[in-house]
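A quick write-up on the structure given underneath.
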Amino acid sequence: MIAAMFSRLRQVLIAGGVLSLVSACVSIPAGSNRLAQCSSLIDRVDQRIADQQVGDAEAEPVDGFPYLRINRFLASFTGDVGEAAAFDDWVRRLRTLDREGRIVELQNLGAANIIPFVDECAELLLEHDLEEAALQSYLLKAAQAPRHYNDWVRAAGLYPLTHIGVALGFDRWKADNLPAFGEDPSTWRASETRYTLAADFDLPDSDVGAFIDLSAQNPLGIPDITGSVLMRMAEAYAPVFAVEETSSADKVGRPYWGSQRATPLTDPSDPVVYIRLAHTRMDGKVLPQLVYTVWFPERPRESPLDILGGALDGLVWRVTLDREGRPLVYDSFHSCGCYHLFFPTDLVQRVPVSEDGDLREEPLTPMQAPQLQEGERLVLHLASGSHYLRGLSTTPSWEDAKALRVVDEHAAPEFGLRSFATDETTRRSLFSPDGIVAGTERTERFILWPMGISSPGAMRQWGTHATAFVGTRHADDPYILDEAFKR
């Protein structure tokens, strides 16, 4: 009770301090003074967010434009927004990323009541800057894609030498784990627990194609699929997660912060799959992607010398659709960014890429994705403990599966796991300001740090996944599939 009282007092003090920043904003005078006060407000709010360590890492602030944020996908349009309508649409999307990030941050700061004031000031500053003739050229130069590799760390770690040993280790991992994709998945059935969404209806590709087409009627041609339409599509393409269960570490659950704990827990009584809409660029078009994430309590250590085990583990499964609503490529990786695998459908084929000829990690394609018949779902077979994806199959029935509750990662107020209630008065993100989940650090970081990735093996937030230790690759790079797969 005393701890709760102190927690509540802390939130009141924080909120009170932030409210003092906006007390004069209710009646800010018009003109340049109003712009100056709004600029000062946003600067001071950002400082308070940094001081309290509640920053959100899903999108990067644009240098010089504190009311805009950017991700790798939107950064890919800097050469495509010459026309006024396209530029305006692009800027509004950067503004939307900032608005969402600020909502998350201010909620977690305990100052949700000032969100309208901050948003009003951000809009005012944007409106003023849009009147500047040079805005477009300045913004296009500043709108740099985030990068989650540190070249200085690589230099200090003698990357040109140390990456050779890491590449050999990656080859051993492939030799040990990829042959499982050639085994018969039916032999694992007795030891598996299955999870999937409870929906039991089929959504024809033609309907999905219509949804995609109608949602992409904007200057950038980006399918903006939201709300109930997104949920219907998520249900239609959701896989069955078949987990080899030998301990409580293999139970899918909802992550949360326990009282006074430095590491997150998961609630197995509430198995959740988190769904988000993402996009990629392929064959000159913007394609929608359905991204599913499930979480486990831990990856148990197999021995005292196990460098890979630790608290929390997650698996990401992504479905890339063409504009007709047909799956083109599936891919998966763990929430650390590790073990990135690709599974092309029969509509595309893997083509040579430059990484195939050297030590860099190439896009791995362990098998062709099984062809789905009407009424079938894809089954993902996950190994116990490591939760490695070890095979794909299909099933015409999923009645024996545990029902997964679906959560839209774009929906307020939680925004997935970015701002959830820890008690009656406070909210917290699963992720630290750098995008890493505190308490999930792995011992492998002491070995792999020369690869230039922050805390290798730790769980991390969408938008911060570097998926290759040797070479560079980001999970949300919009051109990954366009380079490695062709019709």
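Coordinate-derived values only; no laboratory data. The model shown is predicted, which means the values in this text are computed figures rather than measured ones. FYI the Cβ positions are ideal-geometry reconstructions off the backbone, even for glycines, and counts take in every protein chain you see.
Structural remarks
- Inter-centroid distance (Cα atoms) of the stretch 62-81 relative to the stretch 369-441, Å: 28 Å
- Computed about the Cα centre, the dipole magnitude for the stretch 123-220 is approximately 800 debye when only Lys and Arg (+1) and Asp and Glu (-1) carry charge, each at its Cβ.
- Share antiparallel - DSSP beta bridges, the chain, percent rounded to 5: 80 percent
- A simple charge model with +1 on the Cβ of Lys and Arg, -1 on the Cβ of Asp and Glu and nothing else charged puts the dipole of the chain at about 1080 debye relative to its Cα centre.
- Within the chain, the whole DSSP H helices whose Cα atoms reach 18 Å or more along their own axis and whose mean Kyte-Doolittle score is at least 0.0 are 2-22, 115-130.
- Rounded to the nearest 20 debye, the dipole magnitude of the stretch 281-435 is 200 debye, with +1 charges on Lys and Arg beta carbons, -1 on Asp and Glu beta carbons, and the Cα centre as origin.
- If the Kirkwood radius is taken over C-alpha pairs of the stretch 397-472, then at 37 °C and 0.692 mPa s the Stokes-Einstein diffusion coefficient equals 220 µm²/s.
- Each principal axis of the Cα atoms in the stretch 123-171 has its own extent, and those three values, largest first, are 55, 19, 15 angstrom.
- Which of VAL153, VAL54, VAL62, VAL329 has the fewest Cβ neighbours within 10 Å, and the rest in rising order: VAL153, VAL62, VAL54, VAL329
- Farthest toward the positive end of the dipole of the chain, out of CYS38, VAL286, SER76, is the Cα of CYS38, where the dipole comes from beta carbon charges about the Cα centre.
- Sorting the segments 136-145, 383-392, 107-116 by their mean number of nearby beta carbons within 10 angstrom, highest to lowest, gives 383-392, 107-116, 136-145.
- The stretch 413-487: chymotrypsin sites (Phe, Trp or Tyr not before Pro) in DSSP coil with no more than 15 other Cβ atoms inside 10 Å: TYR479
- Per-bin percent of Cα-Cα distances, the stretch 81-145 [10 Å]: 18, 46, 27, 8, 0
- Here the residues LEU203, LEU305, LEU380, LEU94, ranked from fewest to most Cβ neighbours within 10 Å of their Cβ, fall in the order LEU305, LEU203, LEU94, LEU380.
- Centre-to-centre separation between the Cα atoms of the stretch 261-319 and those of the stretch 216-246: 16 Å.
- Order of LYS251, LYS402, LYS285 under a 10 Å beta carbon neighbour criterion, fewest first: LYS285, LYS402, LYS251
- Longest DSSP-loop-exposure-free segment, GluC sites (Glu not before Pro), the chain, at most 12 other Cβ within 10 Å: 184-301
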